[in-house]
Structure formats: structure tokens, C-alpha cells
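Structure record follows, encoded as C-alpha cells.
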Amino acid sequence: MGTVTGDELDDLVVHMSDVGVRRGTTHLLSGVDWSVELDERWVILGANGAGKTTLLRLAAAELHPSSGTVHVLGERLGRVDVFELRPRIGFASAALLQRIPAEEKVLDVVVSAGYAVLGRWREDYESLDTARATELCESLGIGHLTERMFGTLSEGERKRTVIARSLMTDPELLLLDEPAAGLDLGGREDLVARLSELARDPDAPATVLVTHHVEEIPPGFTHLLLVSGGGVVAHGLLEDVLTSENLSAAFGQDLELERLGDRYFARRRGSR
Ligand SMILES: Nc1ncnc2c1ncn2[C@@H]1O[C@H](COP(=O)(O)OP(=O)(O)OP(=O)(O)O)[C@@H](O)[C@H]1O
């Protein structure tokens, strides 16, 4: 990816150069070079344990690299106050989902992202925030659930609530960790369609979505980072990088990729 100058960095939402993450003697990531530009929508695809969540946590400024450099929204990790950086990033993570109290009202789960982040006076902004949270819930198909307790929602409804929350602060970077995991077929298809709408919205932030399955790639996503064993197998434009060969290399199996319209499917070669 070459050396990037200061001016070029301003246009990059994420820039990683020769990044490694180590825990003891284990290398979670090594030699990762990756950049995300303002108008790009990236999918990170790879097998269990490939390093996808570790990459996302670096981009979320939740983790520092052990080696190499990571810039997020023009700021270098290690040289920036992450508490100032994180509010500019929307991160719908599985960890966040687990931390939300079961008795919290859906609308409050979404709206409170704004309070926590901006530390503004509730009285002044309450109605504006409520209107925005309601609009986000409606756009994600949970507009009828805003008064429900979070703990009473289905898995799919919870995922959408967390995505709505991550958009509440109007982030410059949106990170989605396995948004379709655990959903039934209908739930997955509905979420894929909504994420596709978001991806095609020119006002939406630069987005990075982590998944294990090519079937979950929403149309409108533009780029793909294929990872395996803590390293990058291939990266670039989705339609160039998503091939049977690259997929087989990333998953260590002889896989056959099929494209049907703007969706992808994969199976082991020779299987019926
Ligand atoms: N603190 C740690 N110490 C040692 N190994 C770790 C630590 N955290 C993560 N790992 C290992 O690093 C590897 C990458 O983890 P990561 O969660 O990034 O993978 P992933 O691609 O998101 O996996 P999955 O798809 O299963 O969620 C895994 O093998 C994991 O067991």
C-alpha cells in the first residue's frame, strides 16, 4: 500500500501500516496493511479466529497495535486521546449488545448513545434526540418496538437496536461486528436489505462489516478484506477480490463461489 503522506491521511478513515497485535507469544494479527476511504463500504471476511474482531477493535480505537501504525479518522492511535476519538465512531459490537440491561427501554438504548457521547444537557436536547432515535428505529424496522424492554426483544431486533444506537451520534465511521449472526433466514434477509440501503446512502458514514458468510454481504458494499490466520489474504474491490480461489485460500478448503444477481453464495467444490 506504500507510504502515505499527511495530506493523504486526511482522506483516509482508517489506515493501518504493517500492523501486528500480540498477546504473550500469540500473534493475533501480523503485517496488516489496510486503508478505508470516506465513501467506501468494506466487508471483512474470514474463518473463526482469523482476526476479524481484533481488526475491528483497532479501527474502533479499543485496542492499540503491538507493532506498526494505526490511524483512525486522521488520528494516530497512541498519540490521540481515544475518549475524544471514540464518539466519532459507531461500533455495533457483540460485547455492547451483552452489556445493555434487559430492563432498558429500546428508545432509551438508542437515545442514550447521544447523551453518553456528547455529555449534553438532557433538557435542551431531549425532543431532538428522541425524534432522531425514533427515525433511526423506523429506518431499521423496529419503529413499533421503541417502548419495549430490550430484554424482551428477539436476537434480530436486538441487533437492529444496537445498529440504530451506533448511528445515533452521526458517526464518521460505522463498524458492524457480525450483524447477521444468529438471525433466522427471514431476519438475515431483512437485515441484509436494510444494510444494503444504508450502504447505498451517499450520506452514510464509511462502513466496515465483519462476517463469516458471503451470503451476508449486503449489495452496495464496495470492498473486501479477506483474512486468515491473523494476516490479509487479499483486499480491494469486492468484485475483484471475491473469487473462488481467494475464498478457498482464506478458508483452507476448495470452495466454489457463485454469484446470483448482486448476492453471493459459496459451497465446497464437488458438494451437491
Ligand atoms: N487475549 C488473547 N490472548 C490470546 N489469544 C487471543 C486473545 N484474544 C484473541 N485471541 C485469539 O486471536 C485470534 C483472533 O481472534 P479474533 O476474535 O480477532 O478472531 P475472529 O476472526 O473475530 O474470530 P470469530 O469469527 O470466531 O469471532 C483467535 O484465535 C483468538 O483465540
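Since every read-out is calculated from the coordinates, none of them should be taken as a lab result. Not measured: the values here are computed from a predicted model. Note: ideal-geometry Cβ built from the backbone for every residue, glycine included; neighbour counts use all protein chains shown.
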Going fewest to most other Cβ atoms within 10 Å around each Cβ, Val227, Val36 line up as Val36, Val227
Looking at the range 144-272 only, what percent of DSSP beta bridges run antiparallel? Nearest 5 please. 70
Tell me, what ³J(HN,Hα) does each residue in the range 18-30 have, in order and in whole Hz, if you take phi through Karplus 6.51 cos²θ - 1.76 cosθ + 1.60 with θ = phi - 60° and put x for Gly and Pro? 6, 7, x, 10, 10, 10, x, 9, 8, 9, 6, 9, 8
Could you give each residue of the range 62-73 its phi-based ³J(HN,Hα) in whole Hz, using Karplus coefficients 6.51, -1.76, 1.60 with θ = phi - 60°, and x for Gly or Pro? 9, 9, 9, x, 7, 8, x, 10, 10, 10, 10, 6
Which value, in debye to the nearest 20, describes the size of the charge dipole of the range 163-248 about its Cα centre when Lys and Arg Cβ atoms bear +1, Asp and Glu Cβ atoms bear -1, and nothing else is charged? 120
Exposure proxy check: Trp34, Trp42 ranked by fewest other beta carbons within 10 Å? Trp34, Trp42
Show me the helices of the chain, taken as full DSSP H stretches, that run 15 Å or more along their long axis by Cα and average 1.0 or above in Kyte-Doolittle hydropathy. 106-118
Sequence-separation-based contact order of the range 6-268, relative, with Cα cut under 8 Å and 6+ spacing, percent: 24
Contour minus end-to-end for Leu185 and Val80, with contour as 0.36 nm per residue of separation and end-to-end as the Cα-Cα distance? 33.6 nm
Sorted by chain and then number, the residues having a modelled amide H within less than 5 Å of the amide H of Leu257, at least 5 places away or on another chain, are Ser244
Within the chain, percent of DSSP bridges classed antiparallel, to nearest 5: 60
If amide hydrogens are placed 1.01 Å from N in the peptide plane, which non-local residues have theirs closer than 5 Å to the one on Val233? Leu226, Val227, Ser228
Grab the beta carbon distance between Glu256 and Leu9, set R0 = 30 Å, and tell me the FRET efficiency rounded to 0.05. 0.15
What GluC sites (Glu not before Pro) does the range 1-103 have in DSSP loop regions with at most 14 other beta carbons within 10 Å? Glu103
Computed about the Cα centre, the charge dipole of the range 6-268 from +1 Lys/Arg and -1 Asp/Glu charges at the Cβ has a magnitude in debye, to the nearest 20, of 960
Whole Å is fine, so just give me how far the alpha carbon centre of the range 131-205 lies from that of the range 218-272. 25
